[in-house]
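Beneath this line is the structure, given in structure tokens, with notes to follow.
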Amino acid sequence: MEGFLPPGYKKYGYADPFEDYVGPFGYKIEDGKIHFAFRAEPHHANTGNTLHGGILMTFADFALCLAATWDQPGEKCVTVSFNGEFVSSGEPGELVEASGEVVRRTKALTFVRGQLFVGHRVLLNYSAIVKRVPSDLT
């Protein structure tokens, strides 16, 4: 499925059966920042032929977890709180991108926020709290 990722993006190196099933979701590191994207397909649509909120929240969860851990070797995370506001709809065929930034990191938790967007059109604002987990415990 990696062939369906946008040019320059690659699949992250862990197994997540659900993300693999609904994705693929990709990432790239550019200018010291991590970026995320996936190509929306017809099976990501709801009955109104716009992107289902569940795929947007799933992609946001992918982005927020990688934003929280990509520069923390040996660390994974689990989402303990997620807040999202749907701003606009997306459509099959569009390239959906995401931003994610760490707002605060404590010994046990990381606070993250970001957006999903198509071009300059924001689809979803999100914020989340993730539990920091050493990768040998997951």
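Things worth noting here:
- Annotation note: of Lys131, Lys107, the sole residue that is more than 22 Å from Leu5 (Cβ to Cβ), over 15 Å from the mean Cα position of the chain (by Cα) and not in a loop (DSSP other than H, G, I, E, B) is Lys131.
- Pair list, Cβ under 7 Å, 6 or more apart: the stretch 8-30 residue on the phi > 0 side of the Ramachandran plot, other residue modelled with pLDDT of 90 or more and not aliphatic (A, V, I, L, M): Gly8/Lys28
- Subset of the stretch 63-85 (residues that are loosely packed, with under 15 Cβ neighbours inside 10 Å and in a strand (DSSP E or B)): Val78, Val80, Ser81, Asn83, Glu85
- Taken together, Lys33, Lys11 contain a single residue that is basic (Lys, Arg), at pLDDT below 95 and either closer than 19 Å to Val122 by Cβ or surrounded by 18 or more Cβ atoms within 10 Å (Cβ to Cβ) (or both), which is Lys33.
- Count of residues meeting criterion [over 13 Å from Thr69 (Cα atoms) and open to solvent by less than 40 Å² (accessible area, probe 1.4 Å)] in the stretch 117-138: 6
- Given (1) out of contact with any helix residue (DSSP H, G or I) (no Cβ under 8 Å at 6 or more places or on another chain); (2) open to solvent by less than 50 Å² (accessible area, probe 1.4 Å); (3) not in a strand (DSSP E or B), index of the condition Met57 fails: (2)
- Residue within the stretch 91-104 that is surrounded by fewer than 16 Cβ atoms within 10 Å (Cβ to Cβ), hydroxyl-bearing (Ser, Thr, Tyr) and closer than 21 Å to Leu123 by Cβ present: no
- Unmet requirement for Gly84, which otherwise passes all of (1) at pLDDT 95 or above; (2) within 19 Å of Val133 (Cβ to Cβ): (2)
- Note on the stretch 107-116: residues that are open to solvent by 50 Å² or more (accessible area, probe 1.4 Å) and either of a type outside the set (D, E, K, R) or at positive phi (or both) total 3.
The values are calculated or read from the model by the stated rules, or taken from the named source; none is laboratory data. Owing to the predicted nature of the structure, the values given are computational and were not obtained by experimental measurement. With ideal geometry, Cβ positions are generated from the backbone for all residues, glycine too; neighbour counts draw on all protein chains shown. Ligands, DNA and RNA are excluded from the accessible area calculation, which covers all protein heavy atoms including side chains. Shrake-Rupley method; radii C 1.70, N 1.55, O 1.52, S 1.80 Å.
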